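What follows is a single structure, written as structure tokens, with notes after it.
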Amino acid sequence: MTLVYLIFGKEFANHIQANFSILSMLTQREEIDSINVVTDNPTFYNRLAGVINVINVEQEVLQEWKGKNDFFWRVKIKAIELLANIYKNKHLLYLDSDTFLFGNLKYIKEKLDEGFSFMHLNEGKLSQLRSKTEKRMWQQTSNKDFGPVKINQNHCMWNAGVIGIPGNKSAELIKATLDICDAMLERNITRRLIEQLAFSLALSEFSQLIPAENHIGHYWGNKEEWQSFIVASFLKSYFGNTTLNEQIESFKSLDYTKIPIALRIPNTRRRLFNLITKLFPEKDKRYIIINKE
């Protein structure tokens, strides 16, 4: 099974999250053929040299991958396509940086062997979802053809933090996803979730799609707390001068159950916080002044 990460930009948080995710996957490395990081900042992965493959992608390639409609998240589909072309007929498991393995990677591999595909979880039927973006997308796409799929009221939106594609169907499923994505872009469908919906439609229409949520965590809904947990874990390894193998071994005993992977902060709390910040701004800030004389 070939693991794929896609991390761009200089935002340190994204890269430290990806390192954390990779280390969690390496606790079950016997199920993994290779781990591949597609990035424009390869130096963030120097500690993992020798156990992962880093694919450095220049800005010109990224721009090409965005396509003629200049859609950034089309890059995710193209990066997965790149790895499918490198590792022909191999199972692919794409992972967002804010994921971690807590379950059984062997289960995922066995299901891919059987021809199943994965996404992180089923968020519900597009026709019934309540966010403004999803309601607008349903209005724009219902009962219309996009690439090889005609969208109906039973099609679901799946979370794309995890995408597992069986090797014997990789070319077909990736092409279908790309065709759906490009067709939506051509017709000016609301962009924010297009690549996610394209994967949801292609994988559910042309394979049997099942969730990975019972084996892979995805903390997109509570990144702040998880970032603090990850930084503390890495600092402990740094100051303990642990080897990479020792760090991987320590991940086997990490307790992932103490921090929620998602939470909802009421809008009233946000408004009150912003109001208090405005009414009581910081005062008496002092900085070091360097005398250059």
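Beyond 32 Å in Cα-Cα separation lie the following of the pairs K132/K285; K132/K252; K76/K135; K223/K278; K223/K252; K68/K169: K132/K285; K132/K252. By DSSP, the beta bridges lying fully in the chain are antiparallel in about 40 percent of cases. Taking GluC sites (Glu not before Pro) across the range 56-143, the ones in a DSSP loop with at most 12 further Cβ atoms lying within 10 angstrom of their Cβ are E58, E114. Under 10 Å, Cα contacts only: if you run a Gaussian network model on the chain, which one of A160, A202, A183 comes out with the highest mean-square fluctuation? Of the options given, A183 has the highest mean-square fluctuation.
For the range 71-102, state which trypsin sites (Lys or Arg not before Pro) are in a DSSP loop and have at most 10 other beta carbons lying within 10 Å of their beta carbon. In loop regions of the range 71-102 (DSSP not H, G, I, E or B), the sparsely surrounded trypsin sites (Lys or Arg not before Pro) are K88. Note on the range 213-283: with charges restricted to the Cβ of Lys and Arg (+1) and Asp and Glu (-1), its dipole about the Cα centre is near 580 debye.
For the range 200-254, trypsin sites (Lys or Arg not before Pro) are listed when DSSP marks them as loop and at most 13 other Cβ atoms sit within 10 Å of their Cβ; the list is K252. Between D179 and F280, the simple label model (points 7 Å from Cα in the Cβ direction) yields a spacing of 6.0 nm.
What you get for the range 163-293, charging only the Cβ of Lys and Arg (+1) and of Asp and Glu (-1), is a dipole of about 820 debye around the Cα centre. If you take the beta carbon distance between E11 and N291 as r and set R0 to 35 Å, what does 1/(1 + (r/R0)^6) give as a FRET efficiency, to the nearest 0.05? The pair E11/N291 has a calculated efficiency of 0.55. Projecting the Cα atoms of A183, N168, Y107 onto the dipole axis of the chain, where Lys and Arg carry +1 and Asp and Glu carry -1 at the beta carbon, places A183 farthest toward the positive end.
Suppose every Lys and Arg Cβ carries +1 and every Asp and Glu Cβ carries -1, with no other charges. What dipole size does the chain come out with about its Cα centre, to the nearest 20 debye?
1220
Taking one quarter of the surface of the convex hull spanned by the alpha-carbon atoms of the chain gives a direction-averaged projected area of 20.2 nm².
Every number here is computed from the coordinates shown, using simple stated rules; none is lab data. Please read all numbers here as calculations on a predicted model, not as lab measurements. Using ideal geometry, Cβ is built from the backbone for each residue, glycine included, and neighbour counts are taken over all protein chains shown.
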